[in-house]
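The values are calculated or read from the model by the stated rules, or taken from the named source; none is laboratory data. Just so it is clear, the model here is predicted, and its values are computed rather than measured. In this analysis, Cβ positions are derived from the backbone assuming ideal geometry, glycine residues included, and neighbour counts consider all displayed protein chains. In case anyone asks, the SASA skips ligands and DNA or RNA and just uses the protein heavy atoms, side chains included. Shrake-Rupley method; radii C 1.70, N 1.55, O 1.52, S 1.80 Å.
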Amino acid sequence: MTERCDLLITNVHAATMDPSVSGAYGAVEDAAVAITGGRIVWLGPRRELPHCAADHNIDGEGGWLTPGLIDCHTHLVYGGHRASEFARRLGGESYTEVALSGGGILSTVRATRAASAEQLYRAAEPRLRALLAEGVTTVEIKSGYGLDLDTELKQLRTARRLSQHYPVAITTTCLAAHALPPEYEGRADEYIDLVCEEILPAVAREQLADAVDMFCESIAFSVRQCQRVIDCARGLDLPVKVHAEQLSRSGATAMAAGASALSVDHVEYISDEDVAAMAASGTVAVLLPGAYYTLRETQRPPVETLRAAGVCMALSTDLNPGSCPIASLRLMMNMGCNLFGLTPAEALAGVTRSAARALGMCCSRGALRPGLRADMVLWPMDTPDQLAYEIGALQPAQIFFGGRDVTAG
Ligand code: NIG
Ligand code: FE
């Protein structure tokens, strides 16, 4: 490290989440963290800090610094809401029954097609703000409520526009294969032709997506149809993610692992063989306890088997108007522990290091380590266990995005 830095934080403990630092959370107690040019340039025990003149000094007041949180699976840009379906489900109808009666995803498709780009943007803002207030510094946003070229582009452009006005990195994913639009009823293969021949190439041309996703389920698309989308994405040099085994076992996880997908998301119904395939391919399992909770599912993802196999487990909100209208990643950490059996340290890894990996971004973020972006949150807490345990009152003391203090006033 050079003798000067932009920012120096001391009187702080660091939950580095760096696997090369031993112990839970990769903790460095009584740490010093030096930042220059938006990146961490030094992190270690304060007593080992080389001489460093800082432009700004921050006293962490004995709190804990964590990586900025990463929400790696959201559908945050959409029109309308589905409060009436919530009431129907409480009355006993299932998510699948609501979907098959023309509601569900298709109800949001109608509202999203009808909304202007400006209306979509304004509707998305409070959801994004709620995440940012919790210390989220990177958010993935999927399309998938357009299901036609213009509306898919409108959703992705809106997602990108959010990052121009808020201190957050936004990655976008094209989920055109989310549901069959009504104008293609009975012609699912022809819709997949449209996705592969028009929508994905146009999205790639405009560089509007960082990845391609699909929903493999009886109420969406088959393994064979999803394989076509995967082949198309690979041809366009885009990494792949799959919504799989949420409501039933389709076999999509094995297909996704075979294609070296970045992640398979939901995974409630995966088998032991699926877990082995994910371990072999390094595919991340993205756990979505908010959807499990909202839909009052009873089939838990096999966390013990995933853990034993060494599969990386990320946690995310799945923020969407149907299966999880909950804009709180912190609550997902709590649910990940209480509903799925994660440890608090696994929950924090799930929204930092593992979430970065699910986005193919672990070279730039997800841990506190020299060379990585200085996306960081300072928490007024005694132990990082409090992050999954305590909801509501424990709020970030300071949030840094690329080394810049972006704490909301
Ligand atoms: O991840 N599973 C498919 N897609 C979303 C739900 C979308 C919706 O219901 O609007 C999910 O749960
Ligand atoms: Fe989802």
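Values computed for the structure shown
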| read-out | value |
| --- | --- |
| R127 vs. criteria closer than 23 Å to H81 by Cβ, within 16 Å of ligand 1 (Cβ to nearest atom), in the same structural domain as L295 (by TED's automatic domain parsing) and basic (K, R) | yes |
| Pick from the stretch 195-241, criterion part of a loop (DSSP other than H, G, I, E, B) and charged (D, E, K, R), ranking: modelled with the lowest pLDDT | E217 |
| Residues satisfying the stated conditions in the stretch 289-302, i.e. more than 21 Å from E93 (Cα to Cα) and buried (at least 24 other Cβ atoms within 10 Å of the Cβ) | P301 |
| Among (1) out of contact with any Phe, Trp or Tyr (no Cβ under 9 Å at 6 or more places or on another chain); (2) more than 29 Å from G350 (Cα to Cα); (3) open to solvent by less than 20 Å² (accessible area, probe 1.4 Å); (4) modelled with pLDDT of 95 or more - the single one G103 does not satisfy | (4) |
| Residue count for the stretch 256-266, restricted to those that are part of a loop (DSSP other than H, G, I, E, B) and open to solvent by less than 20 Å² (accessible area, probe 1.4 Å) | 2 |
| Residue among V109, V98 that is under 22 Å from the mean Cα position of the chain (by Cα) and hydrophobic (A, V, I, L, M, F, W, C) | V109 |
| Number of the exception - A244 against (1) open to solvent by less than 10 Å² (accessible area, probe 1.4 Å); (2) in contact with a Gly (Cβ under 6 Å, 6 or more places away or on another chain); (3) small (G, A, S) | (2) |
| Conditions (1) assigned to a loop (DSSP other than H, G, I, E, B); (2) in contact with a helix residue (DSSP H, G or I) (Cβ under 8 Å, 6 or more places away or on another chain); (3) within 16 Å of ligand 1 (Cβ to nearest atom): number failed by Y269 | (2) |
| Candidate set from the stretch 303-329 (those that are out of contact with any helix residue (DSSP H, G or I) (no Cβ under 6 Å at 6 or more places or on another chain) and open to solvent by 10 Å² or more (accessible area, probe 1.4 Å)); member that is farthest from ligand 1 (Cβ to nearest atom) | A308 |
| Filtered residue count, the stretch 180-216, keeping only those that are within 15 Å of ligand 1 (Cβ to nearest atom) and open to solvent by less than 10 Å² (accessible area, probe 1.4 Å) | 7 |
| Any hit, the stretch 340-348, residues being assigned by TED's automatic domain parsing to the domain that holds V303, open to solvent by 10 Å² or more (accessible area, probe 1.4 Å) and among the polar types (S, T, N, Q) | yes |
| Condition met for A388 (free of Cβ contacts under 8 Å to residues at least 60 places away in the same chain, of a type outside the set (D, E, K, R) and open to solvent by less than 10 Å² (accessible area, probe 1.4 Å)) | yes |
